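Chemist: Here's a structure for you.
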Amino acid sequence: LVGGDADLLADCRPLLQCFAENITHAGPVGAGHSMKLLHNYVSLGFVALLSEAAACAQRSGIAPEVFVDILAKGGGGGVALERVKPFLLNGDNGSLRFAMANAHKDLGYYATMAADAGAVGEIADAVLRTYAQGSAEGGAQAGVLDLVTLLAARAPAAPR
């Protein structure tokens, strides 16, 4: 993700191709960084949402295979589910090795960017709190996929 002058990017593209598989011009200077934060927010948000739903499914007696199968056939399918699926089906966290502390850090940067832009941030705040609590409960180096286990073990919230 590159922000800056498009002509300068064209000149630098051969060098960037030496170490970058995908090169996308995101807009003016700073847009590459902003797009990275947006991407991480959406990706980590999907993982948090799937983790909470999987924890609820687990507590409700839904088999992981059924949970994954139904989501994959509907609106829940996608890259995030494919990354979470090995963990749900057999405890394999190799498909998404990303520390809870890194997720928390990236989401904090996103929240700052959104606030600076005057953008709505209620969902981002909830995702940030989820990773902050996950990091506190599981440890900073716990993987983001550990959210499923942490959320399933957490005591239920007070009635709303």
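Chemist: What's the angle, to the nearest 10 degrees (0 to 90), between helix 6-16's Cα axis and the longest principal axis of the chain?
Modeler: Approximately 70 degrees, to the nearest ten.
Chemist: Can you give the direction-averaged projected area of the convex hull of the alpha-carbon atoms in the chain, in nm²? Before the final figure, lay out the partial values.
Modeler: Working: hull surface 46.5 nm².
The Cα convex hull of the chain, projected and averaged over all directions, gives 11.6 nm².
Chemist: Applying 1/(1 + (r/R0)^6) with R0 = 35 Å to the Cβ-Cβ distance of ALA63 and ASP11, what FRET efficiency is obtained, to the nearest 0.05? Write out the running numbers ahead of the final one.
Modeler: On the way: r = 55 Å, r/R0 = 1.56.
That pair, ALA63 with ASP11, gives E of 0.05.
Chemist: Where does region 112-160 land on Rg/Rh, using Cα atoms and the Kirkwood Rh? Walk me through the numbers on the way to the answer.
Modeler: Numbers: Rg = 13.3 Å, Rh = 12.4 Å.
Rg/Rh: 1.07.
Chemist: Find out how many positive minus negative residues lie around ARG97, taking Lys and Arg as positive, Asp and Glu as negative, among other residues whose Cβ is under 12 Å from that of ARG97. Let's see the in-between values first.
Modeler: Details: positive: ARG83; negative: ASP92, ASP146.
Local charge sum for ARG97: -1.
Chemist: Moving on to the next point. Roughly what percent of Cα-Cα pairs across region 78-160 reach past 18 Å? Walk me through the intermediate numbers first.
Modeler: On the way: 1706 of 3403 pairs.
Here the tail beyond 18 Å accounts for 50 percent of pairs.
Chemist: Something else: Reachable lysines from LYS85, Cα under 20 Å, same-chain residues fewer than 8 places away excluded?
Modeler: Counting by Cα, and skipping residues close in sequence, LYS85 has these lysines nearby: LYS73.
Chemist: How far, in degrees from 0 to 90, does helix 79-90 lean away from the longest principal axis of the Cα atoms of the chain, to the nearest 10?
Modeler: Taking Cα atoms only, the helix is inclined about 40 degrees.
Chemist: Which order do the peptides 29-39, 135-145 take when ranked by the mean count of other beta-carbon atoms within 10 Å per residue, highest first?
Modeler: Numbers: 29-39: 15.5, 135-145: 17.9.
Peptide ranking by packing, descending: 135-145, 29-39.
Chemist: Then there is this: Pick out which of THR24, THR149, THR112 has the largest mean-square fluctuation in a Gaussian network model of the chain, springs linking Cα atoms closer than 10 Å.
Modeler: Per the Cα network of the chain with a 10 Å cutoff, THR24 tops the list.
Chemist: Which order do VAL84, VAL2 take by accessible area at a 1.4 Å probe, largest first?
Modeler: Working: VAL84 0, VAL2 40 Å².
Solvent-accessible surface, decreasing: VAL2, VAL84.
Chemist: Ordering ARG129, ARG154, ARG83, ARG97 by accessible area with a probe of 1.4 Å, largest first, what comes out? Each step should come with its number before you reach the end.
Modeler: Values: ARG129 150, ARG154 60, ARG83 110, ARG97 185 Å².
Correct descending sequence by accessible area is ARG97, ARG129, ARG83, ARG154.
Chemist: So what is the 222 nm mean residue ellipticity for the chain from helices alone, if each DSSP H run of at least 4 adds -39500 (n - 2.57) and you divide by all residues, rounding to the nearest 500 deg cm²/dmol?
Modeler: Details: 7 runs with 103 residues, N = 160.
It lands at -21000 deg cm²/dmol.
Chemist: Nearest 10 degrees, 0 to 90: what angle lies between the long axis of helix 122-138 and the longest principal axis of the chain (Cα atoms)?
Modeler: 70 degrees
The values are calculated or read from the model by the stated rules, or taken from the named source; none is laboratory data. Being a predicted model, the structure only gives us computed values, none of them experimental. So basically every Cβ, Gly included, is an ideal-geometry build from the backbone, and we count neighbours across all protein chains shown. Ligands, DNA and RNA are stripped out before the accessible areas are found, and what is left, the full protein with its side chains, is counted by its heavy atoms. Shrake-Rupley method; radii C 1.70, N 1.55, O 1.52, S 1.80 Å.
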